[in-house]
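Student: Dumping the structure here so I can ask a few things about it.
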Amino acid sequence: MVKVLAFSGSGRKDSVNKKVVAVAARGAEEAGAQVTIVNLEDFDMPVFTEDLEAEIGMHEGGQRFKELLMEHDGFLISSPEYNSSYSALFKNAIDWASRKVGDEKVLEAYKGKVAGIMAASPGGLGGMRVLVTLRMLMENLGTMVLPTQKAVGGAFKLFDENGQINDEKTEKALKAIGAQLVDTLQKLKS
């Protein structure tokens with residue numbers, strides 16, 4: 001069975017990016033994947049520096065996140081757009097998980113993996129600009145990024161008070177990214 005790790009680059013409690021990636025995760029589950037959804041803030045990683053790494057070694061939260069990345073075949077990632085790029089929370093988690101420990105291969109958490117990416121914003125562009133930098137980062141780490149992506153504009157209006165999506169067209173597009181990821185991973189595994 002294909003295993004997918006889903007997460008958002010947002011640390012906000014009521015984040016639309018967390019809601020968006022959860023919709024894509026349902027699409028992956030409906031396509032037959034085992035999906036794990038995590039919140040990056042739960043790993044409580046300090047800001048990465050090589051001096052800190054030399055002092056403490058691999059941070060426990062960074063190691064747990066890296067192990068999850070390694071245990072899964074692919075990723076669903078939704079990112080807010082912070083000044084045309086991804087959040088510091090997201091980049092910090094990616095940096096910790098990129099660090100080699102022991103016998104691991106360089107960038108083992110990322111190489112050979114596949115990701116589906118999306119962004120959400122209250123603005124009209126839906127975080128479209130972050131998708132360029134997000135794609136570049138993940139591909140530079142060795143993760144293949146699906147050509148299909150989704151920027152969800154006006155995202156605050158697309159979810160009801162219970163966090164459920166109320167826009168059928170957006171729901172279909174997000175679930176399709178999850179399903180496409182599973183289909184791609186199944187083909188690569190066979």
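The values are calculated or read from the model by the stated rules, or taken from the named source; none is laboratory data. Computed from a predicted model, the values in this text were never measured in an experiment. Quick reminder, even Gly has a Cβ in these numbers, built from the backbone with ideal geometry, and neighbours come from all protein chains shown. To get the accessible areas, we keep the full protein, side chains included, count just its heavy atoms, and leave off ligands, DNA and RNA. Shrake-Rupley method; radii C 1.70, N 1.55, O 1.52, S 1.80 Å.
Student: May I ask you to verify whether residue 132 is in a helix (DSSP H, G or I) and either at pLDDT 95 or above or in contact with a helix residue (DSSP H, G or I) (Cβ under 9 Å, 6 or more places away or on another chain) (or both)?
Tutor: Against the criterion (in a helix (DSSP H, G or I) and either at pLDDT 95 or above or in contact with a helix residue (DSSP H, G or I) (Cβ under 9 Å, 6 or more places away or on another chain) (or both)), residue 132 qualifies.
Student: Taking residue 144, is it of a type in the set (A, V, I, L, M, F, W, C), open to solvent by 60 Å² or more (accessible area, probe 1.4 Å), in contact (Cβ under 8 Å) with a residue 24 or more places away in the chain and in contact with a strand residue (DSSP E or B) (Cβ under 7 Å, 6 or more places away or on another chain)?
Tutor: yes
Student: Something else now. Pick from region 119-139 the residues that are open to solvent by 10 Å² or more (accessible area, probe 1.4 Å) and not hydrophobic (A, V, I, L, M, F, W, C): which of them is nearest to residue 8 (Cα to Cα)?
Tutor: Only one residue tops the list, namely 121.
Student: Continuing with this model, one more query. Can you pull out every residue in region 164-180 that is in contact (Cβ under 8 Å) with a residue 12 or more places away in the chain, more than 17 Å from the chain's Cα centre (by Cα) and open to solvent by 20 Å² or more (accessible area, probe 1.4 Å)?
Tutor: If the condition is that a residue be in contact (Cβ under 8 Å) with a residue 12 or more places away in the chain, more than 17 Å from the chain's Cα centre (by Cα) and open to solvent by 20 Å² or more (accessible area, probe 1.4 Å), then 165, 171 are the ones that fit.
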